[in-house]
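Following: one structure in structure tokens, then a few remarks.
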Amino acid sequence: MADRPTTIFINGTEYPFEPGQTVIQVARANGIDIQHYCYHDGLSIAGNCRICVVEVEGNPKPQISCKMECEPPPWVNEPLRIQTDSKLALDGREGTMEMLLVNHPLDCPICDQAGECHLQDYSYEIGQGKASSTTAKTKLPKNVPFGSKIVYDAERCIKCTLCVRFCEEITETNELAMQGRSDEEMVVMTSKGEFTTPYSMNIIDLCPVGALTSRDFRFKSRLWFMDFAESVCTGCARGCNVMTGGREGEFMRMEPRENQAVNKWWMCDAGRTDYQFANAPTRLEAPLIRQDDGTLAVANWEDAISAAAAALKAAPGNVILDGGCTLEEMAVAQDVAAALGGAAKYAAATGEGDDFLVVAEKGANAAGAELLGLARAKSASAAALLLIERDEHVNASFREKSGAVVVFAVDGEHVPDSAQVVFPMGTWSERDGLLVDGAGIVQSMSRNAAIGPNNLAAPVDLLEDILGELDDGYDWRGHAGVVAHLRALPEFEKLEFPAGFEAAGVGARS
Ligand code: SF4
Ligand code: SF4
Ligand code: FES
């Protein structure tokens, strides 16, 4: 028997394939985009939407590329030859688009998915701009609650079953099923009430159209008014890769970003909806200095830096950081603590984990702190505190007991009475920096300038400024210098740092 082909031709170019790989997989791996709705790299192949059709040389009928294996049938010993953009393939996709739009309400102007809808995108790309159907569109249920966090619109649903397969295959909780036939087919909840999985909101991202929307985000903002940044959720030490979305200072939403080594395509619902602290009315927006009458008054950055250095000289001690602070913040805080004759330590809560993504360690950079040699704080005594947004890591009792005279905080509610100087801190979505997740992977958070007050100084810069006042000989390193210092440490030598991170810089002080 002749050797079986191990390559496939797509649009005239030969590509190798692995046994079992389908045409769409090889095409995507080689940068050839084939329109698809029901296909997802992380789910079983349903092959039900028919938008991914391609031409297979010698076959008069277009074939779906998501389910067709690259290996030719047993009686063929030549590599398959595929055309993704021939007339046959494009006519097939155009026909599928027309069928999908027969009953789809053309309500893009009021649909939350507009701007990120595959139906809308493909309609522009391969739709025919007119409908031959003259019958009335089928009416189906709208605004159906799928638990407390998700809303289903059956008229917009293209029955791709991605959401159903997610609940079957990823969470194995089976809360969704298809019901009915033909144009009456729709998704239904098998369990009335709530999803049992804490990962349900991933189906919103999976849905290629606006059939599943987030109750938390829907109708809040058109997409094109928002700015986005790649970052890392700091809800636990998993460090799920996310995309933050903000608008005019407000944190609007968060979505998972694919990272096969960390969170694949998913994130937990709790992490996704835990951002309200960024929009709190009690956010600190300017440095504060304690006055003789005991009140805290707004100061400029230079005065606050000098006052902080003076307060620390008068009451030296440890620097305690929230376990979600960045590596750079921790590294410079170590130098500040050393200049004060103390040590830098970190504080972080532990809690429940599960067997999917959520881990028990809640300090997003606890592993980084340990690599830097920071001990977990056992007692609260500190000269300075660096607090991020989450109250649970460094709680009110800890803060008050610390006696800290210099405090970096996101929220005014978190400032202990002992504070003589207070610096406003950006939330994790507003700071650039590095974290080491619980698996030892170095990840980078990027600042979203559309979230939070826009004039906050980077804590790394402020710590270096304070250090400069504590130590005349201190050589200001800047963000790139601090990262270079980290990379040179033996503990970090073998770790891979995100490419180009040093060049990104940090939020500048205005
Ligand atoms: S709700 Fe969305 S993901 Fe689920 S079947 Fe319909 S179109 Fe697909
Ligand atoms: S698993 Fe942890 S890091 Fe991931 S989204 Fe949830 S809280 Fe955030
Ligand atoms: S993506 Fe291939 S049939 Fe849906």
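What the table shows:
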quantity	calculated
Residue ID - nearest to ligand 2 (Cβ to nearest atom), chosen from residues in the stretch 313-342 that are out of contact with any strand residue (DSSP E or B) (no Cβ under 7 Å at 6 or more places or on another chain) and among the hydrophobic types (A, V, I, L, M, F, W, C)	Ala331
Pick from the stretch 1-21, criterion open to solvent by 70 Å² or more (accessible area, probe 1.4 Å) and in a loop (DSSP other than H, G, I, E, B), ranking: farthest from Glu258 (Cα to Cα)	Met1
All positions within the stretch 347-366 that are within 19 Å of Gln443 (Cα to Cα) and over 20 Å from the mean Cα position of the chain (by Cα)	Ala348
Options Ser200, Ser182; residue that is within 16 Å of ligand 2 (Cβ to nearest atom) and either closer than 30 Å to Ala348 by Cβ or without any contact (Cβ under 8 Å) to a residue 40 or more places away in the chain (or both)	Ser200
Complete set of residues in the stretch 1-51 that are touching a residue at least 40 places away in the same chain (Cβ under 8 Å), within 14 Å of ligand 3 (Cβ to nearest atom) and at positive phi	Arg50
Hey, Lys159 within 16 Å of ligand 2 (Cβ to nearest atom) and closer than 25 Å to Gly193 by Cβ or not	no
When residues of the stretch 152-171 are limited to those that are among the aliphatic types (A, V, I, L, M) and assigned to a helix (DSSP H, G or I), the one nearest to ligand 3 (Cβ to nearest atom)	Leu162
Residue tally, condition touching a Pro at 6+ places or on another chain (Cβ under 8 Å), away from ligand 1 (no atom under 16 Å from the Cβ) and open to solvent by 30 Å² or more (accessible area, probe 1.4 Å), over the stretch 250-280	1
Residue satisfying all of: in the stretch 47-71; surrounded by fewer than 19 Cβ atoms within 10 Å (Cβ to Cβ) and closer than 24 Å to Trp266 by Cα; farthest from ligand 1 (Cβ to nearest atom) among these	Lys67
Residue in the stretch 390-413 that is out of contact with any Cys (no Cβ under 6 Å at 6 or more places or on another chain), open to solvent by less than 20 Å² (accessible area, probe 1.4 Å) and assigned to a helix (DSSP H, G or I) present	yes
Selection count where residues are of a type outside the set (S, T, N, Q), away from ligand 1 (no atom under 14 Å from the Cβ) and either open to solvent by 50 Å² or more (accessible area, probe 1.4 Å) or out of contact with any His (no Cβ under 8 Å at 6 or more places or on another chain) (or both), scope the stretch 22-46	11
Search result, residues across the stretch 434-449 that are under 13 Å from Gly239 (Cα atoms) and not aliphatic (A, V, I, L, M)	Asp437, Gly438, Gly440, Gln443, Ser444
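The values are calculated or read from the model by the stated rules, or taken from the named source; none is laboratory data. Just so you know, these numbers come straight off a predicted model, no measurement behind them. Methodologically, a virtual Cβ is constructed for each residue, glycine included, from the backbone with ideal geometry; neighbour enumeration extends over all protein chains shown. Quick note on the areas: whole protein, heavy atoms, side chains included, nothing else; ligands and nucleic acids left out. Shrake-Rupley method; radii C 1.70, N 1.55, O 1.52, S 1.80 Å.
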